[in-house]
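Here the structure comes first, spelled out in structure tokens, and everything after it is commentary.
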């Protein structure tokens, strides 16, 4: 590049020209540019010709090795800052489980964590747990959590246990579509609508809440275990389509109509104690049941239970039963509770030889022929 100036002050022109050239070239070659500029002409002349070297000449003249050029071009190393947790107890519990001591809890370190067990640590806030984005299992029962918002982005979770906390709003769980096991028992939850889309769930615990409406659960067809004890449920119709259920806990509700469960033929264990049930006819076809609890209801007729020959455990205490004849064919029973009924004749029970020594409860009945029972079971009449 040539620049020609006509001036009466050649030195000033040279300086200005150097300035022009260097501003058009990278900073790395400024010094080389200044040294290599060729000047032709005479100090006494009015015209000066400045010749700038090519970029290749400058790069060659700087004598910077390729290795050094690579070092110059390398990006600075980012230093990771420590992840902060709002609740010091949460941070302490994570440190203890990971064995990090006083080292900073960096994002990289936390993202390697897949399982976390933080049961009963008196933790009040989950803030900061967002950093553990690769968690697949989180057990957080028996704490003091109310806000689940920090869990919203943990979409890799498959197991989440949050029983015995202070949770009422489960909307942050909407996005956790990979959950297969969710335990939320013993919380003040009433609205289940946010759980309706968690269709991969196979186990769901909701006992001891404030639930009345089960409609949001109607589409959770993969459920095999459902815990709903200790709520305010009276209508079981939303459960009628959950044909894969094998364990269903419904103790301590306001249930009187069992017709919706009549088609749940895969059930092996069913808890219905402490309800308002008088008619057990809908249970007659649940022939795979091995355990059935009907204690503390209003039952007087147990004839519908006669065909449940797979039963090994049956609870019927605190009812209005007087005739136990329908139970004589339940020969697999090793535990039978008939305490506090109106039974006087125990003859039909004499053939239940598989009952354990302490497996028969008959106290609180007006029995008059206890001597007909096998000797090992006579204690039960006292």
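At R0 = 56 Å, how high is the FRET efficiency between residue 310 and residue 81 if r is their beta carbon distance? Nearest 0.05 is fine. Approximately 0.40, to the nearest 0.05. Short-range pairs are left out: with C-alpha atoms under 8 Å and at least six residues apart, the relative contact order of the range 95-234 is 15 percent.
Shape verdict for the range 99-243, please, from the Cα gyration tensor: rounded (a/c under 1.5), prolate (a/b greater than b/c) or oblate. Prolate shape, in that a/c is at least 1.5 and a/b is the bigger ratio.
Can you classify the range 278-320 as rounded, prolate or oblate using the Cα gyration tensor, where a ≥ b ≥ c are the square roots of its eigenvalues, rounded means a/c under 1.5, and otherwise it's prolate if a/b beats b/c and oblate if not? Verdict is oblate for the range 278-320. Judged by the gyration tensor of its Cα atoms, with axes a ≥ b ≥ c, the range 181-326 is prolate; a/c meets the 1.5 cut and a/b is the larger of a/b and b/c.
Relative to the present Cα-Cα distance, how much length would full extension add between residue 257 and residue 356 at 0.36 nm per residue of separation?
On the way: separation 99, 0.36 × 99 = 35.64 nm, distance 3.24 nm.
Additional length available on full extension: 32.4 nm.
Multiplying the residue separation of residue 103 and residue 212 by 0.36 nm and subtracting their alpha-carbon distance yields 34.4 nm. Taking the range 95-117 and a reference point 7 angstrom along Cα→Cβ of residue 156, the backbone N atoms nearer than 19 Å belong to 95, 97-100, 105-117. For residue 368 and residue 120, a Förster radius of 41 Å and the Cβ-Cβ distance give a FRET efficiency of 0.20, rounded to the nearest 0.05. In summary, the range 126-191 shows an alpha-carbon radius of gyration equal to 0.99 times the 2.2 N^0.38 Å reference for compact globular proteins.
For the range 233-292 and the range 300-334, compute the distance between their C-alpha centroids and round to whole Å. Measuring centre to centre over Cα atoms gives 16 Å.
Gain in length, residue 378 to residue 111, computed as 0.36 nm per residue apart minus the alpha-carbon separation, to one decimal in nm?
89.9 nm
Taken as Cα centroids, the range 92-119 and the range 361-382 sit 59 Å apart, rounded to the nearest whole angstrom.
No lab work stands behind these numbers, since they all come straight from the coordinates. Note that the coordinates shown come from a computational prediction; the quantities given were computed from them, not determined experimentally. Cβ sites come from the backbone with ideal geometry, for glycine too, and all protein chains shown count toward neighbours.
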